[in-house]
């Protein structure tokens, strides 16, 4: 049986090491264009992924790896790590706070451990499956019940600007009915903010496994509902406490 506490401590230690690396921002940038001209990675994204991968494999050489910046290692142990070395690269590039490191470990049953570390706002979220969710070692829970007309929501927008036209349909439907909308810049942090009650709900299209794996577990362990479903040719992720979750989905246009 896998020791989830061992996995958690490893994830926490490595996330903090990556955070220490990243807060020392470079004097100049080496940018890599990915899916579109505004979807970028920096040399620090790659350096962070390298640190995380090497640290995991040094401790657990039989484990697998899935990384946003291309790291791929087949699992022989049954455990696979899903990592986003800098979630919120645009924030990081511009020197804005809120970017995060996301590290999750999963087996055939799903995600076992999730850590999201955001050093610029002194926040480290973590969860183990069935063990609750925590921010800086203090147990957390989502806001519930929250009515739609009192809900503070967060979201993000696609790097492919054509997809933003579809996303605006959700914004146009929801904005007249909610308290307000926030744009933080990191999907992992956004979902953890739902878990902590810093926002009431979240929606975004186009997320990948490395965006979701750790934060989704944290939010669910904090009592939130998180789903990803097809919507207008995109994958739509919604997270909120159970009462608001139903209202949000009911008001998202089909």
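The values are calculated or read from the model by the stated rules, or taken from the named source; none is laboratory data. Remember, it's a predicted structure, so these values are computed and weren't measured experimentally. No Cβ is skipped: glycine too gets one built from the backbone with ideal geometry, and neighbour counts run over all protein chains shown.
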**OP:** Identify all residues within region 17-67 that are closer than 30 Å to residue 164 by Cα and part of a strand (DSSP E or B); write none if there are none.
**Re:** 31, 32, 33, 40, 41, 42, 66, 67
**OP:** Only residues that are surrounded by 12 or more Cβ atoms within 10 Å (Cβ to Cβ) and modelled with pLDDT under 95: list them for region 1-28, please.
**Re:** 2
Subject >> Of residues in region 68-91 being in contact (Cβ under 8 Å) with a residue 60 or more places away in the chain and in a loop (DSSP other than H, G, I, E, B), the one surrounded by the most Cβ atoms within 10 Å (Cβ to Cβ) >> reply: 88
Subject >> Qualifying strands (runs of 3 or more DSSP E) (wholly inside region 97-164; at least 2 residues being buried (at least 20 other Cβ atoms within 10 Å of the Cβ), touching a residue at least 60 places away in the same chain (Cβ under 8 Å) and in contact with a strand residue (DSSP E or B) (Cβ under 8 Å, 6 or more places away or on another chain)) >> reply: 100-107, 110-118, 123-128, 133-135
Subject >> Residue check, residue 184 under 12 Å from the mean Cα position of the chain (by Cα), part of a loop (DSSP other than H, G, I, E, B) and closer than 21 Å to residue 91 by Cα >> reply: yes
**OP:** Would you check if residue 69 is over 17 Å from residue 114 (Cβ atoms) and at pLDDT 90 or above?
**Re:** no
Subject >> Scope region 206-254; condition in a helix (DSSP H, G or I) and in contact with a helix residue (DSSP H, G or I) (Cβ under 8 Å, 6 or more places away or on another chain); matching residues >> reply: 211, 212, 214, 215, 216, 218, 219, 221, 244, 247, 248, 251
